[in-house]
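The values are calculated or read from the model by the stated rules, or taken from the named source; none is laboratory data. Everything numeric in this text was worked out from a predicted model, so none of it was measured. All Cβ positions, glycine included, derive from the backbone under ideal geometry; neighbour counts span all protein chains shown.
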Amino acid sequence: MIVNELINPKSIVVVGGSNDIEKPGGKILKNIIDGVYSGNLSVVNPKESLVQGIKCYNSVKDIPQTELAIIAISAKFALETVEILAYEKGTKAFIILSAGFSEFDDAGKILERKIVEVINSVGGSLIGPNCIGVLTQSYKGVFAGLVPQLTSKGCDLVSGSGATICFILEMAIPRGLAFNNVFSVGNSAQIGVEEVLEYWDTTFNYETSSLVKLFYIEQIDNPEKLLKHCRSLIKKGCKIAAIKAGTTEAGSRAVSSHTGAIAGSDTAVDALFKKAGIIRCYSRQELVYVAGILQHKELTGKNIAVITHAGGSGVMLTDTLAKGGLNVPKIEGDAADELLSQLHYGSSVSNPIDFLATGNSKQLGIILDYVDNKFDNIDASAVIFGTTGMFDVTDVYEVLHEKMNTCKKPIYPCLPSPIQAENAVKHFHFLGRIGFTDEVAMGSAIAKVYNTPSPAEEFELPKVDIKAIRNVIDNSLSGYLPPDKIQILLDAVGIPRVQELIAETKEDAIKFAETLGFPLVMKVVGPLHKTDVGGVALNIKQIEIVSQEYDRMMKIPDATGVLLQQMLSGTELFAGVKKEDNLGHIILLGLGGIFIEILKDVSYAMAPVSKAESYTMMSELRSHKLLDGVRKQSGIDKEKFANIIVSLSALVNAAPEITELDLNPLLGKEDSVVAVDVRIAIEK
């Protein structure tokens, strides 16, 4: 829980404050002073009586009651200091800048835990240890990085890495991006990224809170909390963009299912972010550009007018938008001809709108008015305007600012001359505007923002036979389940399956063949990869072949029986489940059979997956038209396929021990989707 004393403290003590501003305790004190903190400020330093003009105490025992303590002393003294502050000085908020805790060794981990216990006992809040501090509207409590002027119209930012905050600010501030609150959570001993998101959500006010939330995270400790509060914030009107780093695996990990081979931690993060409505970024530049786009009017359509006085830049931006799924449609007709007549000879308005290197502010204003009022097939403008250094472009940027105020459609400005047009760019930022410097990065950010879906709606899972599911799971060992137990699980959640029987003698095989009818499929029971060991026989139509195949398959190493199955036909489909660390289950679907190995054309979502999400997943496949039927080939019953995906969600909800699951193939027809081959692994 984040207490108000952390956000808006009436009093602050800097323990380890110094006159040396090259030390954390000195620099953070200077930043608080320079930030014109209005509360009571004091310092603890046994060697000083006055630090940077602020009264200094030799010991924390001597200070008055204090709401917030910023601690910049050796880790070994931190616990005693926190105890005195918490128990004797009424301190509820703590920021520990010092390193040497859980990130260092086991002793540091124990020390960190004891500090958290003390702070929890008084209902307090801890940021850090091992962080650069906090920026709020009340005080500028950081010791590193640029210190921006804060405004509620800016972005909120939280990061587990203090240095990354510094580098994000370095990139953001020169582009005019403003900030509201900044949290460096360091080791996240008590408060991590998820808890900061929770605070932003529970204290959100549409009129006064930031509408753009940014975060950098390496470890997702509580995916349910992250999902809950991101969903909630977005529904309240916020936009959220984030970097999740640390998703590759060092070394290799053996996987024995198609789902396991395809899905990994990065896929799980993608699925979680998609479900939450988070715009995922992969670099500081992308995060800053996306944040900048989010500070502009919302794009409500896919059609963009590219307006430029530099042909090459316009072409690059056009290519980028097209690759991102947006359109740069041709502009023509009487209004286009009318606009062209007001530009210099040689200009083009067909889109990109190129008004040449001699284009001026008046012409830019005319173009933007035409786009806003007369070109109904355009939803936004992307403007590229720099300079070769021959003339001042301040008047151009003033017109751009004016039109961004008055035009109904979004206008995205790329100002590619931050050196030669330095004064004009600074003036544009002074007006409160954000300007991008790279047209390709800007185009990519526009596309990413537009293409990120809204959070998935919550829904109620269908009722399933939980008693039967738990009976199977509770009475099974870790590893792959045998076919008879798989059948029980499928039946318990209502997933249609092909009729099949398991024979442990040749006589049973013959009897079961007569019961099921021909043609048949026979599969060895025991070996995991049946095809690799010759353990599958298809299209069996005679009892004699059943007998021969039974004898052959029982000679395969590890064979314990033979499964006989009705042989069906249809489009081969795939559905799978993978559990990834503490992120939960992801569900995948695509074409099945050998296509899953060759094409790997799959889409995925975080469980639980609704029927609506299932349809979206199908539409995301490159091969989605095959599901509808092409060239006289029948399609599949997409509703039944969606029902199976929802049933898988209910299954893993009832049996979280499931680590991998393959339905491959499912056979789909116009009126049915049936599971043919199923593999389920559990870990108790």
Do you know which residues across the stretch 345-402 are in contact with a Ser or Thr (Cβ under 8 Å, 6 or more places away or on another chain), part of a loop (DSSP other than H, G, I, E, B) and among the hydrophobic types (A, V, I, L, M, F, W, C)? 355, 356, 357, 385, 393
Only residues that are within 10 Å of residue 139 (Cα to Cα) and surrounded by 13 or more Cβ atoms within 10 Å (Cβ to Cβ): list them for the stretch 38-61, please. 39
Counting only residues that are of a type in the set (A, V, I, L, M) and within 26 Å of residue 197 (Cβ to Cβ), how many does the stretch 1-58 have? 8
All-but-one check, residue 258 against (1) surrounded by fewer than 20 Cβ atoms within 10 Å (Cβ to Cβ); (2) touching a helix residue (DSSP H, G or I) at 6+ places or on another chain (Cβ under 8 Å); (3) modelled with pLDDT under 95, failing number (1)
How many residues does the stretch 38-64 contain that are touching a residue at least 40 places away in the same chain (Cβ under 8 Å) and either in contact with a helix residue (DSSP H, G or I) (Cβ under 6 Å, 6 or more places away or on another chain) or part of a helix (DSSP H, G or I) (or both)? 1
Need the failing condition index for residue 653 against (1) more than 22 Å from residue 454 (Cβ to Cβ); (2) surrounded by 22 or more Cβ atoms within 10 Å (Cβ to Cβ), just the number. (2)
For the stretch 329-357, what are the residues that are touching a residue at least 40 places away in the same chain (Cβ under 8 Å) and touching a Leu at 6+ places or on another chain (Cβ under 6 Å)? 355
Looking only at helices (runs of 4 or more DSSP H) that lie completely in the stretch 572-684, which have at least 3 residues being within 27 Å of the chain's Cα centre (by Cα)? 611-620, 638-654
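Restricting to the stretch 403-432, name every residue that is hydrophobic (A, V, I, L, M, F, W, C), crowded, with 16+ Cβ neighbours inside 10 Å and outside any helix (DSSP H, G or I). Can you show your working first?
The initial filter retains those residues of the stretch 403-432 that are hydrophobic (A, V, I, L, M, F, W, C), namely 404, 407, 411, 414-415, 419, 421, 424-425, 428, 430-431.
From the residues that got through so far, the ones that are crowded, with 16+ Cβ neighbours inside 10 Å too are 404, 407, 411, 414-415, 421, 424-425, 428.
Listed by number, the residues that qualify are 407, 411, 414, 415, 421.
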So, in the stretch 319-328, exactly how many residues are crowded, with 16+ Cβ neighbours inside 10 Å and either out of contact with any strand residue (DSSP E or B) (no Cβ under 6 Å at 6 or more places or on another chain) or in contact (Cβ under 8 Å) with a residue 60 or more places away in the chain (or both)? 4
What number of residues within the stretch 1-37 satisfy the criterion of being surrounded by fewer than 21 Cβ atoms within 10 Å (Cβ to Cβ), among the acidic types (Asp, Glu) and either touching a strand residue (DSSP E or B) at 6+ places or on another chain (Cβ under 9 Å) or in contact (Cβ under 8 Å) with a residue 60 or more places away in the chain (or both)? 1
Taking the stretch 637-661 on its own, how many of its residues are in contact with a helix residue (DSSP H, G or I) (Cβ under 6 Å, 6 or more places away or on another chain) and either at pLDDT below 95 or farther than 12 Å from residue 573 by Cβ (or both)? 9
Pairs where the first residue, in the stretch 153-175, is closer than 12 Å to residue 284 by Cβ and outside the structural domain of residue 431 (by TED's automatic domain parsing) and the second is at pLDDT 95 or above and of a type in the set (D, E, K, R), C-beta under 9 Å, 6+ apart: 157/213; 164/284; 167/284; 168/284; 170/284; 171/284; 172/284
Taking the options 532, 558, name whichever one is in the same structural domain as residue 505 (by TED's automatic domain parsing) and under 40 Å from the mean Cα position of the chain (by Cα). 532
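Which is farther than 25 Å from residue 220 by Cβ and either at pLDDT 95 or above or in the same structural domain as residue 179 (by TED's automatic domain parsing) (or both), of 266, 319, 270?
Numbers: 266 fails: farther than 25 Å from residue 220 by Cβ; 270 fails: farther than 25 Å from residue 220 by Cβ.
Testing whether each residue is farther than 25 Å from residue 220 by Cβ and either at pLDDT 95 or above or in the same structural domain as residue 179 (by TED's automatic domain parsing) (or both) leaves just 319.
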Checked against (1) closer than 17 Å to residue 188 by Cα; (2) surrounded by 17 or more Cβ atoms within 10 Å (Cβ to Cβ); (3) at pLDDT 95 or above, residue 102 satisfies every condition except (3)
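Give the residue that is nearest to residue 575 (Cα to Cα), with candidates limited to residues of the stretch 482-502 that are among the aliphatic types (A, V, I, L, M) and at pLDDT 95 or above. Steps first, please.
Quick first cut of the stretch 482-502, residues among the aliphatic types (A, V, I, L, M) only: 486, 488-490, 492-493, 495, 498, 501-502.
The next check asks that each one be at pLDDT 95 or above; those that pass are 486, 488-490, 492-493, 495.
On the way: 486: 15, 488: 18, 489: 15, 490: 13, 492: 17, 493: 15, 495: 12 Å.
Per the stated criteria, the residue is 495.
Residue by residue through the stretch 593-606, note down the ones that are within 18 Å of residue 583 (Cα to Cα) and without any contact (Cβ under 8 Å) to a residue 24 or more places away in the chain.
The first filter runs over the stretch 593-606 and keeps only residues within 18 Å of residue 583 (Cα to Cα), leaving 603-606.
Within the stretch 593-606, 603 is the sole residue that qualifies.
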What are the residue pairs meeting all of these: first residue in the stretch 607-624, first residue outside the structural domain of residue 645 (by TED's automatic domain parsing), second residue at pLDDT below 95 and of a type in the set (D, E, K, R), Cβ atoms under 9 Å, and 6 or more apart or on different chains? none
Within the stretch 542-599, the count of residues that are touching a Gly at 6+ places or on another chain (Cβ under 6 Å) and at positive phi comes to 2
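Please go through the stretch 200-219 and give me each residue that is part of a helix (DSSP H, G or I) and under 14 Å from residue 157 (Cα atoms), ordered by number. I'd like the intermediate steps shown before the answer.
So in the stretch 200-219, the residues part of a helix (DSSP H, G or I) come out as 200-202.
Once the filter is applied, which keeps residues that are part of a helix (DSSP H, G or I) and under 14 Å from residue 157 (Cα atoms), the stretch 200-219 yields 200, 201.
So is residue 43 in contact with a Cys (Cβ under 6 Å, 6 or more places away or on another chain), farther than 30 Å from residue 202 by Cα and modelled with pLDDT of 95 or more or not? Spell out how you get there, then give the answer.
On the way: in contact with a Cys (Cβ under 6 Å, 6 or more places away or on another chain): yes; farther than 30 Å from residue 202 by Cα: yes; modelled with pLDDT of 95 or more: yes.
Yes; evaluated as a whole, the condition is true for this residue.
Could you please let me know if residue 444 is in contact with a helix residue (DSSP H, G or I) (Cβ under 9 Å, 6 or more places away or on another chain), of a type in the set (S, T, N, Q) and surrounded by 17 or more Cβ atoms within 10 Å (Cβ to Cβ)?
Numbers: in contact with a helix residue (DSSP H, G or I) (Cβ under 9 Å, 6 or more places away or on another chain): yes; of a type in the set (S, T, N, Q): yes; surrounded by 17 or more Cβ atoms within 10 Å (Cβ to Cβ): yes.
Yes: the conditions hold for residue 444.
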